[in-house]
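Please read the structure below before turning to the comments.
The values are calculated or read from the model by the stated rules, or taken from the named source; none is laboratory data. If you're wondering where the values come from, they're calculated on a predicted model, not measured in any experiment. All Cβ positions, even for glycine, are placed from backbone atoms using ideal geometry, and neighbour counts span all protein chains on display. Note: accessible area is taken over every heavy atom of the protein model, side chains too, but ligands, DNA and RNA are not part of it. Shrake-Rupley method; radii C 1.70, N 1.55, O 1.52, S 1.80 Å.
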Amino acid sequence: MTAQTPLRTPFTARTTAAEIVDGVDLTGRRMIVTGGASGIGAETVRALAGAGADVTVAVRSVSSADALVAEFPDRVRAATLDLADLASVDAFVAGWDGPLHALVANAGIMALPTRQLTPQGWELQLGTNYLGHFALALGLRDNLRAAGSARVVVVSSGAHLREAFDFDDPQFERQPYDPWSAYGRSKTADVLLAVGIARRWAADGVTANALNPGYINTNLQRHMDDETLRAFGVLDEAGNRIDLEYYKTPAQGASTSVLLAASPLVEGVTGRYFDDNQEAEVVVGGPEATGGVAAHALDAAAADRLWTYAEGALANR
């Protein structure tokens with residue numbers, strides 16, 4: 001398999017998460033889904049638990065996962081995790097015992113209108129979407145290794161196409177803060193996280209891949225004002241959300257996450273980026289890019305540089 005021959009599966013953009021694991025037995029597999037109480041995270045949990053996995057929903061408020069726990073009382077539990085606070089990440093890691101077969105880095109925030117910082121001083125989108133997941137994966141490495149064959153799944157976005165990671169000013173300390181640039185860079189960082197894990201943890205039996213879930217109406221858009229939502233065409237004058245023709249349902253949006261976390265079709269596949277349940281074509285990123293995965297997000301040197309930068313942030317907190 002080469003970059004010129006991307007992996008193809010029999011699934012489509014409209015395949016649901018449950019259809020991905022139809023006939024797959026995940027009994028005995030232990031998995032974590034961050035931000036798994038709503039949106040595509042909840043549908044990811046439902047599909048994995050429905051196939052027999054024991055799933056921990058890692059969320060800031062455990063009560064938000066009550067419905068999922070009630071739906072799968074023997075397979076789903078909730079635990080507190082605030083990715084923006086590394087002390088919370090440390091506490092979650094300390095509370096995890098035993099092997100971990102899949103970590104789905106699903107939680108995220110998007111387009112915060114003003115520059116905000118984590119307790120460690122990172123721009124909040126980068127700190128939540130990337131650094132918190134980096135610290136979580138690093139803290140759980142021994143547990144992933146103990147599984148014998150484990151997967152890390154990182155939910156990125158097509159927004160990564162527009163923005164390479166800015167190593168000169170990653171926290172917007174010198175340049176004007178832009179909500180969408182900050183989001184795009186955090187999502188490029190997410191892809192680079194998967195590349196970094198793939199480059200380092202193969203000997204541990206750990207694979208890592210990133211994905212674009214597509215367009216879905218979820219709580220991810222909660223920081224966007226009505227004017228912006230109307231400009232995107234997803235809010236009518238009465239304030240009701242509109243699903244455009246190319247939008248997916250949450251169950252369809254979760255399918256690529258479930259493919260990478262559980263399908264035997266991608267066993268051993270690592271360091272790649274998937275879209276609509278297929279490996280994406282590598283393209284030149286930039287404002288005009290509309291699909292595929294940007295070469296800047298798969299760049300090994302950038303992945304190594306970002307890994308070192310994040311390690312420094314953890315060491316100096």
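Descriptive notes on the structure:
- Every test in (1) touching a Gly at 6+ places or on another chain (Cβ under 8 Å); (2) small (Gly, Ala, Ser); (3) surrounded by fewer than 24 Cβ atoms within 10 Å (Cβ to Cβ) is passed by Ala65 save one, and that test is (3).
- Listed by first and then second residue, the pairs linking a residue in the stretch 98-121 that is over 30 Å from Gly148 (Cβ atoms) to a residue that is open to solvent by 20 Å² or more (accessible area, probe 1.4 Å) and part of a loop (DSSP other than H, G, I, E, B), with Cβ atoms under 7 Å apart and 6 or more places separating them unless they lie on different chains, are Ala111/Met224; Arg115/Tyr177; Thr118/Asp85; Pro119/Asp85; Gln120/Arg317.
- Counted residues, the stretch 22-43 - those being open to solvent by 10 Å² or more (accessible area, probe 1.4 Å) and of a type outside the set (D, E, K, R): 9
- From the options Ala105, Ala53, Ala58, residue that is touching a His at 6+ places or on another chain (Cβ under 7 Å), within 11 Å of Ile32 (Cα to Cα) and of a type outside the set (Lys, Arg): Ala105
- Residue match in the stretch 275-282 (condition: surrounded by fewer than 18 Cβ atoms within 10 Å (Cβ to Cβ), at pLDDT below 85, touching a helix residue (DSSP H, G or I) at 6+ places or on another chain (Cβ under 7 Å) and not in a loop (DSSP other than H, G, I, E, B)): no
- Cross-chain or 6+ apart pairs with Cβ under 9 Å, the stretch 304-317 first and open to solvent by less than 30 Å² (accessible area, probe 1.4 Å), then modelled with pLDDT of 95 or more and among the charged types (D, E, K, R): Trp307/Arg199; Trp307/Arg200
- Looking only at residues of the stretch 172-186 that are among the aromatic types (Phe, Trp, Tyr) and in contact (Cβ under 8 Å) with a residue 60 or more places away in the chain, we find that the one that is nearest to Gln125 (Cα to Cα) is Tyr183.
- Checked against the criterion of being small (Gly, Ala, Ser) and open to solvent by 10 Å² or more (accessible area, probe 1.4 Å), the candidates Gly184, Gly158 yield just one match: Gly158.
- Residues in the stretch 283-300 that are open to solvent by 30 Å² or more (accessible area, probe 1.4 Å), assigned to a helix (DSSP H, G or I) and more than 18 Å from Ala202 (Cβ to Cβ): 2 in all.
- Residue match in the stretch 187-198 (condition: more than 15 Å from Gly127 (Cα to Cα), open to solvent by 40 Å² or more (accessible area, probe 1.4 Å), modelled with pLDDT of 95 or more and assigned to a helix (DSSP H, G or I)): no
- Residues within the stretch 44-61 that are hydroxyl-bearing (Ser, Thr, Tyr), open to solvent by less than 10 Å² (accessible area, probe 1.4 Å) and more than 15 Å from the chain's Cα centre (by Cα), tallied: 1
- Here Asp82 does not fit the description of being surrounded by fewer than 19 Cβ atoms within 10 Å (Cβ to Cβ) and among the acidic types (Asp, Glu).
- All of (1) part of a loop (DSSP other than H, G, I, E, B); (2) over 23 Å from Ala37 (Cβ atoms); (3) in contact (Cβ under 8 Å) with a residue 24 or more places away in the chain; (4) of a type outside the set (A, V, I, L, M, F, W, C) hold for Asp169 with one exception: (3).
- Top-ranked residue in the stretch 126-145 [being more than 13 Å from the chain's Cα centre (by Cα) and more than 12 Å from Val89 (Cβ to Cβ); ranked as least open to solvent (accessible area, probe 1.4 Å)]: Leu144
- Of the residues making up the stretch 101-116, none is within 20 Å of Ile40 (Cα to Cα) and charged (D, E, K, R).
- The stretch 106-125: number of residues that are assigned to a loop (DSSP other than H, G, I, E, B) and more than 12 Å from the chain's Cα centre (by Cα): 12
- Screening Ala238 against (1) modelled with pLDDT of 95 or more; (2) open to solvent by 10 Å² or more (accessible area, probe 1.4 Å); (3) aliphatic (A, V, I, L, M) leaves a single unmet condition, (1).
- Of the listed requirements (1) of a type outside the set (A, V, I, L, M); (2) under 22 Å from Ala135 (Cβ atoms); (3) open to solvent by 70 Å² or more (accessible area, probe 1.4 Å), Arg75 misses just one: (2).
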